[in-house]
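Every number in this text was worked out from the coordinates using simple rules, so none of it is lab data. None of these values were measured; they are calculated from a predicted model.
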């Protein structure tokens, strides 16, 4: 009697290991996308709330807002976004997270907060997407009063 594995047994073991590796990689990618989406949505909410807080605090004596681009959000001072503004602070979304869709009142890409009330006329939503997968999304809502929520 010989001891050892036959070629068929080795192929079966390799096939099983390959299937397990594919399943593990898919789960890892889903987890990675979920974490990147969570980080991106937290960064976006934080920056939007910071703009509102700076407007309410009267920083610089002007309103503050956030400009929305596909992979960055930029905090700016004033009523209109100036790409060359010296006080602009850009926050890049990382991990393959992009702003797939922005739907703001007035159709623009800027959310500007009033100095006295913290309210905005540019209410609406931003949809963040991870890994180019439309099933991995988070929606950020901005209300007329400036309240920001994530769904």
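Annotations
- For the chain, built as a Gaussian network whose Cα springs stay under 10 Å, the top-fluctuating residue of 54, 129, 89: 89
- Relative to the longest principal axis of the Cα atoms of the chain, the long axis of helix 7-57 lies at roughly 10 degrees.
- The Cα center of the stretch 77-109 and the Cα center of the stretch 1-40 differ in position by 41 Å.
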